[in-house]
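The values are calculated or read from the model by the stated rules, or taken from the named source; none is laboratory data. Because the structure is a prediction, the values reported are computed rather than measured. Please note: Cβ atoms are built from the backbone with ideal geometry, for glycine as well, and neighbour counts cover all protein chains shown.
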Ligand SMILES: [Zn+2]
């Protein structure tokens, strides 16, 4: 993601949000006994236990859940912008990674009317943003959970730096950007980038409204009784925060990039004047990054400009979204670089966010360099000259949970990459980026893995370089 203007400091609403998650992580004692006593002890080699209420990210203890891995989400949802009412069924296919007497999903708000596991009614309860489902599963069991729910979505509001995120009702529909943990504001999920899954969307909206999700349409939209249904599929693994259900009145242009990648561009009527530019630039820049970083990882690319005044853009998979402004080439280059860095390769823990933002910011510098505007060295020099103590005081290699999107994660993260490039040379740096992308395609990554690859590529230890740029609270010497 990238903010439009200004510097980045504390993200206090985010802290409040994660703290309230944390508060709800105490094991919930079932209000009612688990459903129809099944002979779990008899058929389980070891006793079934509760899946943990968080996935194990120390920065966001309530985010995600333990005990299972999601493989696929099918979201059949209807949204009525007039009533601000969202309802439907989420079907979640998963595999147990331990014997499970119960497991949790993340869900904020809504009334849950029914939960089934493998077709049978399951007992459930709610506490904070946790939905607990009582079950009887063996380690390695594949299972399917359905959750029927409805209500008015409640986005996360009031963050000084992130503004509002999650499922945000707008005048004509919805603006949906969920980084870092807003997926729970619209569907029950394992809401953490460590658990990626493929997605199907069956989205129903009033006739005249367009519903945009990730991936590609699998059939033409169908209108019946004043309602139109859009079927979208993202066939590559996706982090929950990258899923979207953006709805409203949109002008749409589709076609192929010059390199042959399908492009879907959509603009709110207020931004109709930028539709062609969005279409053309998104295609052109996706083609360019395909040469620099390796083949585009997904089946289509594109972008959406909505009139919700978010003041930021988010790299929603295959369809970055720009909230209330006309995107320039630089921010399009940033969001599309995330399709490789963040989306295909996703972080395992939020502390490694520089692997997304440092890379996407460096991509902005590369875009300017590749187009003869200014070299990355110029950008580095300028960033170094403009840096305040705050930047040197915030080592970006361990993002702070109370200040996740600090400018250092972006700028000093990009400077770290430039320092690496200067140290090992272009002949090694660019092939290394392609190898990083190829080796971890559709997977999860850590800073340690990146440092290992850099040292392998360099044929020497680079501990001092990474310590100086990523981990120390002092100003490193200038490079280049
Ligand atoms: Zn970004």
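List the pairs whose first member sits in the stretch 315-329 and is without any contact (Cβ under 8 Å) to a residue 60 or more places away in the chain, whose second member is within 13 Å of the ligand (Cβ to nearest atom), and whose Cβ atoms are under 7 Å apart, counting only residues at least 6 apart or on separate chains?
320/313; 320/314; 320/335; 320/336; 322/313; 327/313
If we scan the stretch 299-314, do we find a residue that is within 14 Å of the ligand (Cβ to nearest atom), outside the structural domain of residue 164 (by TED's automatic domain parsing), surrounded by fewer than 20 Cβ atoms within 10 Å (Cβ to Cβ) and not in a helix (DSSP H, G or I)?
yes
I'm trying to understand the selection: among the residues of the stretch 398-443, which are within 14 Å of the ligand (Cβ to nearest atom) and over 20 Å from residue 376 (Cβ atoms)?
399, 404, 405, 406
Being in contact with a helix residue (DSSP H, G or I) (Cβ under 7 Å, 6 or more places away or on another chain) and closer than 18 Å to residue 245 by Cβ is the filter here; which residues of the stretch 191-200 pass it?
Passing the criteria: only 191.
Within the stretch 237-265, track down each residue that is over 20 Å from residue 165 (Cα atoms) and part of a strand (DSSP E or B).
237, 251, 252, 253, 254, 255, 256, 262, 263, 264, 265, listed by residue number.
Just the residues that are away from the ligand (no atom under 14 Å from the Cβ) and in contact with a helix residue (DSSP H, G or I) (Cβ under 9 Å, 6 or more places away or on another chain), please, taken from the stretch 355-377.
Step one: of the stretch 355-377, the residues away from the ligand (no atom under 14 Å from the Cβ) are 366, 368-377.
Answer for the stretch 355-377, where residues must be away from the ligand (no atom under 14 Å from the Cβ) and in contact with a helix residue (DSSP H, G or I) (Cβ under 9 Å, 6 or more places away or on another chain): 366, 368, 369, 370, 371, 373, 374, 375, 376, 377.
Which of the helices (runs of 4 or more DSSP H) contained wholly in the stretch 330-398 include at least 3 residues that are surrounded by 16 or more Cβ atoms within 10 Å (Cβ to Cβ)? Give the steps one after another, and end with the answer.
Details: elements: 354-370, 376-386, 389-392.
Qualifying helices (runs of 4 or more DSSP H): 354-370, 376-386.
Select from the stretch 399-414 the residues that are part of a helix (DSSP H, G or I) and in contact with a helix residue (DSSP H, G or I) (Cβ under 6 Å, 6 or more places away or on another chain) and write down the one among them that is surrounded by the fewest Cβ atoms within 10 Å (Cβ to Cβ). Walk me through it before giving the result.
Let us first name the residues in the stretch 399-414 that are part of a helix (DSSP H, G or I), namely 407-414.
Filter once more, keeping what is in contact with a helix residue (DSSP H, G or I) (Cβ under 6 Å, 6 or more places away or on another chain): 408-414.
Values: 408: 26, 409: 27, 410: 27, 411: 24, 412: 27, 413: 26, 414: 26.
Checked the stretch 399-414; the qualifying residue surrounded by the fewest Cβ atoms within 10 Å (Cβ to Cβ) is 411.
Look through the stretch 280-298, keep the residues that are more than 12 Å from residue 262 (Cα to Cα) and part of a loop (DSSP other than H, G, I, E, B), and return whichever of them is farthest from the ligand (Cβ to nearest atom). Outline the logic, then answer.
Step one: list which residues in the stretch 280-298 are more than 12 Å from residue 262 (Cα to Cα), which gives 281, 285, 288-295, 297.
Those still in the list that are part of a loop (DSSP other than H, G, I, E, B) too: 294-295, 297.
Numbers: 294: 19, 295: 21, 297: 16 Å.
This residue is 295.
Among the residues in the stretch 214-231, are any closer than 19 Å to residue 314 by Cα, in contact (Cβ under 8 Å) with a residue 60 or more places away in the chain and not in a strand (DSSP E or B)? Reasoning before the result, please.
Here is the first cut: in the stretch 214-231, the residues closer than 19 Å to residue 314 by Cα are 214-216.
Still in the list and also in contact (Cβ under 8 Å) with a residue 60 or more places away in the chain: 214-216.
Adding the requirement that they be not in a strand (DSSP E or B) leaves 214-215.
Among the residues of the stretch 214-231, at least one is closer than 19 Å to residue 314 by Cα, in contact (Cβ under 8 Å) with a residue 60 or more places away in the chain and not in a strand (DSSP E or B), which makes the answer yes.
Look at residue 345 and say whether it is within 16 Å of the ligand (Cβ to nearest atom) and farther than 27 Å from residue 163 by Cβ.
On the way: within 16 Å of the ligand (Cβ to nearest atom): yes; farther than 27 Å from residue 163 by Cβ: no.
In short, no.
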